[in-house]
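Supplied in structure tokens, the structure appears directly below.
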Amino acid sequence: MKIKATVHIHYQKYAWEDKGDFYVYSFQVDDTDVCTYVGPQEIEIEVPANYDPRAQQIVALEKEKQKVMADYQKTVTEINDRISKLQALEYTNAAQ
């Protein structure tokens, strides 16, 4: 299956470079002393007709779940450490 898209071509050259390069973005960037807008170009892109994003979405959710679980464990560890410190202070003061 082919899809059509409009891309925006820019030319970028820094002062220390001998020659610049062309870059393609999905959006138009404002002209600067380093980057200038060349123009739009419509292109066709071939994508699989039976593309199913679910496998990639599951992998992304599994990564997010691992991060959330790690953050949760870190928070629990920090809370337990604070509790331990408070209990140590309580026992130290009670002994005096």
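The values are calculated or read from the model by the stated rules, or taken from the named source; none is laboratory data. From a predicted model like this one, the values you see are computed outputs, not experimental measurements. All Cβ positions, even for glycine, are placed from backbone atoms using ideal geometry, and neighbour counts span all protein chains on display. Quick note on the areas: whole protein, heavy atoms, side chains included, nothing else; ligands and nucleic acids left out. Shrake-Rupley method; radii C 1.70, N 1.55, O 1.52, S 1.80 Å.
Over the chain, what number does the Rg to Rh ratio reach, with both radii from the alpha-carbon atoms and Rh per Kirkwood?
With Rh from the inverse mean 1/r over Cα pairs, Rg/Rh is 1.41.
Shifting gears a bit: Between Glu17 and Gln56, what's the calculated FRET efficiency when r is the beta-carbon distance and R0 is 41 Å? Round to 0.05.
On the way: r = 37 Å, r/R0 = 0.90.
Efficiency for this residue pair is about 0.65.
With springs connecting C-alpha atoms under 10 Å apart, model the chain as a Gaussian network and identify which of Lys85, Lys74, Lys65 has the largest mean-square fluctuation.
Fluctuation is largest for Lys85.
Report in % the part of the accessible area of region 4-96 that belongs to carbon and sulfur, leaving out ligands and nucleic acids; probe 1.4 Å.
The computed percentage sits at 57.
Residues of the chain: accessible area per residue at 1.4 Å, in Å²?
So the chain comes to 89 Å² accessible per residue, rounded to a whole number.
Enumerate lysine pairs in region 5-96 that are 8 or more residues apart or on different chains, then count those whose Cα atoms are under 29 Å apart. Numbers along the way, then the final one.
On the way: Lys63/Lys74; Lys65/Lys74; Lys67/Lys85; Lys74/Lys85.
The result is 4.
While we're on this one: Could you give the length gained by full extension between Val7 and Ile79, i.e. 0.36 nm per residue of separation minus their alpha carbon distance, to one decimal place?
20.9 nm
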